[in-house]
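The values are calculated or read from the model by the stated rules, or taken from the named source; none is laboratory data. Computed from a predicted structure; not experimentally measured. Cβ atoms come from the backbone with ideal geometry, glycine included; neighbour counts cover every protein chain shown.
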Amino acid sequence: MTELYHLGVEESRVPPAAVLVEHGLSSDTLRESLGDGEVVGRKREFRSASGTLDGRAVLVVDVGLGAPSTVIALEELVRAGARRIVWVGRRRDPDPRSSQAIVPIGAIRSDGTSRQYAPLAYPALPDFRLSSLLREALGQQGETRLVETTDVLGDHPSVAQDLCSAAMFVVGAARGVDVATLLLPEMSGDVEVPLARTILHAVTAPEGAAP
Amino acid sequence: MMRLDLGTAIDGSGYALLPGDPGRVARLAEHLDAVVPIIEHGPFVAVRGELGGRSVVVSSTGMGGPSTMLVADALGAAGVHTFLRVGGGGPVAVGVQFERIVVATGAVRHEGSSEHLLASSWPAVAHPSVVEAALVAAGVLELDVQVGVVHTKDSFFGEIDPSSSPVEDELLAAWTAWCRLGVLASEMEAAPLFALATARGWRAGAVVKINDVTAGAGKQWSGDEDLCALACATVRALVSADA
């Protein structure tokens with residue numbers, strides 16, 4: 001039995017579907033929406049819990065901050081069999097009153113991590129169908145736009161920023177797995193229950209499922 | 001800078017189909033009603049007509065980013081807000097079949113034109129509504145399409161004969177990266193078009209049929225009827241969704 005080096009999760013406990021939650025956001029509602037919940041790993045900045053939604057297994061992982069750390073989690077999960085992954089993080093905004101979630105259609109690659117997977121010319125884009133599932137479910141309550149992924153959040157960014165999307169998208173492409181991200185407003189604490197269910201349904205839908 | 005003055009000739013068209021090859025304009029125009037010629041000059045052949053009750057321009061761009069940006073910028077200045085590139089390309093990743101049609105979600109910016117519009121870190125991304133419309137259209141036509149990233153290049157011979165380039169090693173290393181990243185097709189116009197749309201607040205997408213010059217040896221090219229039908233059905237789907 002092989003344990004993933006940084007996540008501290010047995011490889012056999014990793015299902016195809018995973019949700020990664022940025023430090024500072026609560027994964028309570030995601031985990032509470034699942035049946036058969038069990039903590040399966042607790043190491044470094046990572047806390048992993050398995051569960052099922054309508055009989056399909058999902059892993060919910062509390063991760064740290066920043067692409068270098070979060071991509072380690074993504075890589076280890078993919079090596080153990082994860083195939084559909086959504087990262088939930090916070091949007092950092094020019095307008096701090098922005099109250100809507102964002103489903104990024106792509107990300108500006110101001111991060112370092114993605115450059116160690118692909119030349120800068122390669123576009124950081126989510127899996128189209130997975131992000132469409134999120135976009136469709138959010139409807140008017142979500143914004144569809146580019147975000148800028150950075151390693152150091154700017155004082156006066158001109159677009160919404162985050163810490164992971166670009167890296168997640170590029171690594172997803174490099175590994176041939178479906179990745180999408182969802183950004184919640186900066187002052188968010190918990191993921192609201194309907195949104196938690198949307199995310200879980202999206203990652204457990206079969207590959208290629210469209211809205 | 002050279003400008004093409006298309007102004008009144010496009011007569012309020014909001015949608016444009018952009019083939020690279022001037023010869024493809026007529027085949028796309030077969031799907032339009034009330035076709036009126038606009039221009040015929042070298043690489044630039046354009047007509048306008050009606051699709052789904054709305055006015056649509058079909059304009060060739062010639063090959064490559066520079067002429068594509070000239071045409072798209074001129075059309076945009078005249079009122080076009082939605083652009084669909086309709087073209088051919090070569091296969092990149094293993095498993096991309098001859099004559100398969102690729103619906104582009106984005107493009108590798110392996111070209112110089114987009115640098116004049118967006119910083120290098122910005123993605124060349126197709127507008128999701130255009131991608132959705134193409135998928136709806138493919139469903140209606142029962143066409144089995146592939147969806148993903150295309151590679152846009154400035155050097156044709158750099159792709160098909162990299163050993164002929166003084167920067168052969170660089171080109172081969174880049175090509176290996178595109179294959180490993182699952183890039184589907186290689187062509188020459190999508191990235192600058194997508195970058196222009198992002199910079200100007202327009203919408204753009206691309207449908208590309210695999211017409212591999214090298215691996216197609218011995219294979220009979222069946223023409224672009226399905227590609228043209230898909231492109232026009234995509235615009236119909238957009239017109240319908242926009243209504």
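In table form, for the structure just shown:
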quantity	calculated
The stretch A:90-107, residues that are away from chain B (no Cβ under 12 Å) and either out of contact with any Leu (no Cβ under 9 Å at 6 or more places or on another chain) or under 24 Å from residue B:205 (Cα atoms) (or both)	A:93, A:94, A:95, A:96, A:97, A:98, A:99, A:102
Neighbours by Cβ (under 8 Å, 6+ apart or cross-chain): first from the stretch A:198-211, touching a residue at least 40 places away in the same chain (Cβ under 8 Å) and over 9 Å from residue A:134 (Cα atoms); second part of a helix (DSSP H, G or I) and among the hydroxyl-bearing types (Ser, Thr, Tyr)	A:210/A:132
Positions within the stretch A:10-20 being under 17 Å from residue A:45 (Cα atoms) and out of contact with any helix residue (DSSP H, G or I) (no Cβ under 7 Å at 6 or more places or on another chain), in sequence order	A:10
Candidates A:53, A:59 - the one that is among the hydrophobic types (A, V, I, L, M, F, W, C) and buried (at least 21 other Cβ atoms within 10 Å of the Cβ)	A:59
Residues that are assigned to a strand (DSSP E or B), over 20 Å from residue A:13 (Cβ atoms) and of a type outside the set (D, E, K, R), drawn from the stretch A:58-92	A:88, A:89
Within the stretch A:108-211, helices (runs of 4 or more DSSP H) holding 3 or more residues that are within 12 Å of chain B (Cβ to nearest Cβ) and within 16 Å of the chain's Cα centre (by Cα)	A:128-138, A:165-175
Total residues in the stretch A:36-57, condition charged (D, E, K, R), in contact (Cβ under 8 Å) with a residue 24 or more places away in the chain and in a strand (DSSP E or B)	3
Looking only at the stretch B:136-150, and only at residues there that are in contact (Cβ under 8 Å) with a residue 60 or more places away in the chain and within 11 Å of chain A (Cβ to nearest Cβ), the one that is farthest from residue B:205 (Cα to Cα)	B:136
The stretch B:60-93, residues that are more than 14 Å from every other protein chain (Cβ to nearest Cβ), of a type in the set (Gly, Ala, Ser) and surrounded by fewer than 24 Cβ atoms within 10 Å (Cβ to Cβ)	B:62, B:64, B:67, B:74, B:76, B:77, B:78, B:79, B:88, B:90
Members of the stretch A:13-40 that are at positive phi and touching a Lys or Arg at 6+ places or on another chain (Cβ under 7 Å)	A:24
Only one of B:201, B:205 that is within 12 Å of chain A (Cβ to nearest Cβ) and crowded, with 18+ Cβ neighbours inside 10 Å	B:205
Number of positions in the stretch A:153-197 that are among the β-branched types (Val, Ile, Thr) and either touching a Gly at 6+ places or on another chain (Cβ under 6 Å) or free of Cβ contacts under 8 Å to residues at least 12 places away in the same chain (or both)	1
Residues of the stretch B:151-196 that turn out to be within 11 Å of another protein chain (Cβ to nearest Cβ) and part of a strand (DSSP E or B), as a count	3
Spans of strands (runs of 3 or more DSSP E) in the stretch B:23-105 with at least 2 residues free of Cβ contacts under 8 Å to residues at least 40 places away in the same chain	B:33-41, B:44-51
Residue check for residue A:114: buried (at least 24 other Cβ atoms within 10 Å of the Cβ) and not aliphatic (A, V, I, L, M)	yes
Any hit, the stretch B:94-103, residues being crowded, with 18+ Cβ neighbours inside 10 Å, of a type in the set (Val, Ile, Thr) and at pLDDT below 95	yes
Filter result for the condition that a residue is in contact with an Asp or Glu (Cβ under 9 Å, 6 or more places away or on another chain) and either free of Cβ contacts under 8 Å to residues at least 60 places away in the same chain or crowded, with 18+ Cβ neighbours inside 10 Å (or both), over A:88, A:78	A:88
